[in-house]
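Structure record follows, encoded as structure tokens.
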Amino acid sequence: MDLIETLCRVVLENDADDLYLKEDNSPRLRIKGDLIEIEDTIFSEEDMERFLDRCGYDESPTKEADLAWENSAGQRFRVNVFDSLGARCAVLRPLREVTQSMMALGLPVDRLQNWLSRNHGLILFTGSTGSGKSTSLASCLRWVSKKFKKHIITIEDPVEYLLKSDQSLVSQRQIGTDTQSFDKGLRAALRQSPDVIFVGEIRDYETAKAALHACETGHLVVSTLHSSNVAETVQRLLMLFPSAEREGALHVISRQLLGILSQKLVPSEDGSLHLLVEHLENAGAVKKWLEESEINKISDFLAQGSQGENVTFINSIVLAYKSGQISEDTARAACDDPADFNRIILGVSHGSR
């Protein structure tokens with residue numbers, strides 16, 4: 001067995017998230033967030049050359065590329081190749097099947113299942129890089145695939161999890177290999193008889209416009225935005241549209257948005273990670289405020305506290321702290337304003353963000 005095969009086996013045996021390779025350096029594994037060096041092993045320039053040849057890497061002017069590779073055991077890996085001060089590097093991530101349920105992840109199961117059961121509309125997952133959005137989304141799509149007889153099309157950059165076709169048919173498409181971009185893949189998907197479309201990220205005007213159009217034509221669209229909370233998500237989505245189109249876009253958003261779930265991962269007391277969530281359902285007064293561009297009223301409404309379908313980060317944090325799942329220091333650090341946490345713990349306030 002050659003070195004890359006051996007290293008990939010080590011990745012799987014240790015349930016590592018990533019394998020880091022740099023020519024003429026020791027490989028490293030990311031395990032539970034930490035980088036662990038594989039000592040007494042050097043991945044040589046020749047090892048890198050052979051590996052990149054097997055991946056079909058054709059050196060590009062940008063000196064970086066997203067690739068896919070399958071080892072001799074049939075395990076697929078996502079590969080990103082790049083240069084670092086002239087040395088070639090690669091990061092490999094194993095593509096695993098989804099195994100954890102929404103409940104096991106700590107997601108609001110009833111709320112999400114209600115949204116995912118709709119025939120059309122927009123569901124947004126938000127959070128920073130590393131907040132667990134990909135895992136949450138994969139678990140949700142797995143539930144849809146098991147529950148309904150639908151065609152699920154994903155447009156991803158890159159593919160993070162392999163999704164099985166259960167009752168549903170799942171067609172996973174990767175940017176760069178299966179389609180050119182999110183917006184082009186999304187527009188093409190409308191001609192592929194989809195019921196559910198997962199768009200890896202809404203990051204520009206064209207993708208946002210195409211996503212809303214897909215919702216209006218009777219499809220359920222699930223996507224992500226890089227925003228830290230519910231209120232910021234609405235603003236971020238709206239700002240993707242030119243000023244002249246925002247009023248019309250907000251009218252469509254008010255009718256098509258089903259809900260927003262924002263999330264954070266923080267260290268738990270048992271050494272694992274704990275999921276904190278904030279979520280908003282677009283119903284009742286929220287729909288009216290969206291249509292009338294009164295976004296500030298949504299923030300004020302959320303700040304009043306949890307109301308079943310709507311939960312704030314501060315309430316999620318306090319609940320996790322009081323149940324002993326996270327420490328006081330972790331809880332305080334997870335708050336945008338630690339003073340909010342202090343007030344609630346002292347019984348001064350019922351919560352605000």
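The values are calculated or read from the model by the stated rules, or taken from the named source; none is laboratory data. Since the model is a prediction, treat every value here as computed from it, not as a measurement. Every residue, glycine among them, receives a Cβ derived from its backbone with ideal geometry; neighbour counts consider all protein chains shown.
Looking at region 319-346, which of its residues are touching a helix residue (DSSP H, G or I) at 6+ places or on another chain (Cβ under 6 Å) and closer than 14 Å to P267 by Cβ?
Selection gives Y321, I326, A331, R332, A334.
Could you please give the count of residues in region 68-100 that are within 22 Å of the chain's Cα centre (by Cα), aliphatic (A, V, I, L, M) and not in a strand (DSSP E or B)?
2
What is the residue count in region 300-331 for residues that are crowded, with 18+ Cβ neighbours inside 10 Å and either polar (S, T, N, Q) or closer than 18 Å to G127 by Cα (or both)?
13
Of I4, I36, which residue is under 22 Å from E160 (Cβ atoms), crowded, with 17+ Cβ neighbours inside 10 Å and modelled with pLDDT of 95 or more?
After applying the criteria, what remains is I4.
Pull out all pairs, ordered by first then second residue, where Cβ-Cβ is under 6 Å, the residues are six or more apart or on different chains, the first lies in region 167-185 and is assigned by TED's automatic domain parsing to the domain that holds K147 and in contact (Cβ under 8 Å) with a residue 24 or more places away in the chain, and the second is assigned to a helix (DSSP H, G or I) and among the polar types (S, T, N, Q).
Every condition considered, the pairs that remain are S168/S145; V170/S145; F182/T207; D183/T207.
Mind checking which residues of region 231-270 are at pLDDT below 95, farther than 25 Å from H219 by Cβ and buried (at least 18 other Cβ atoms within 10 Å of the Cβ)?
A231
Among the residues of region 250-267, write down those that are among the polar types (S, T, N, Q) and touching a residue at least 60 places away in the same chain (Cβ under 8 Å).
Q256, S262, Q263
Does region 212-227 contain at least one residue that is at pLDDT 95 or above, in the same structural domain as E201 (by TED's automatic domain parsing), of a type in the set (S, T, Y) and farther than 30 Å from D15 by Cα?
Looking through region 212-227, at least one residue is at pLDDT 95 or above, in the same structural domain as E201 (by TED's automatic domain parsing), of a type in the set (S, T, Y) and farther than 30 Å from D15 by Cα.
Restricted to region 177-205, and to residues that are among the small types (G, A, S) and more than 19 Å from the chain's Cα centre (by Cα), which residue is surrounded by the fewest Cβ atoms within 10 Å (Cβ to Cβ)?
My answer is S193.
Determine, yes or no, whether V159 is in a strand (DSSP E or B), at negative phi and either in the same structural domain as L225 (by TED's automatic domain parsing) or of a type outside the set (G, A, S) (or both).
So V159 does not fit the description; no.
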